[in-house]
Amino acid sequence: MRCEYGTISNQIVPARIGVSGMSLGLGHRFTGGGFMKAYVITTGAVFALLTLAHLLRIIVEWPHLAKDPLFLLITVAAGGLCVWAWRLLRLSTRS
């Protein structure tokens, strides 16, 4: 594994860590190896199922859940994590 260094405010920080990498943004990359790919697929699927369950519950219990902002926030966060996981997976298969 190779690591290039850059400077921020006179501090040496890793600017890029690359092997076959998926971009995380901010110049950082990490490996898309077999175990990491399996992990990203699993977490993407889990968050997709959680989001789907929340959306179905919102449809069934709309009046009650519309008054619960925490439930809606958790649903949006789970959906965001699902999209992020599948985006990372898609970016890893391009490399």
Report summary line: I74 and R90 label points (each 7 Å along its Cα→Cβ direction) are spaced in nm at 2.8
Report summary line: Residues K67, K37 in order from fewest to most other beta-carbon atoms within 10 Å are K67, K37
**Report entry** Cα gyration tensor shape of segment 50-95, rounded if a/c is under 1.5, else prolate or oblate by comparing a/b with b/c
**Finding:** prolate
Report summary line: HN-Hα couplings for segment 55-60 via Karplus (6.51, -1.76, 1.60; θ = phi - 60°), in whole Hz with x for Gly/Pro, come out as 5, 5, 5, 5, 5, 6
Report summary line: Once phi for every residue in segment 34-50 is put through the Karplus expression 6.51 cos²θ - 1.76 cosθ + 1.60 (θ = phi - 60°), the whole-Hz ³J(HN,Hα) values, with Gly and Pro written as x, are x, 5, 5, 5, 4, 5, 5, 4, 5, 5, x, 5, 4, 5, 5, 5, 4
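Since every read-out is calculated from the coordinates, none of them should be taken as a lab result. Remember, it's a predicted structure, so these values are computed and weren't measured experimentally. Here the Cβ is made from the backbone with ideal geometry for all residues, glycine too, and neighbour counts use every protein chain on show.
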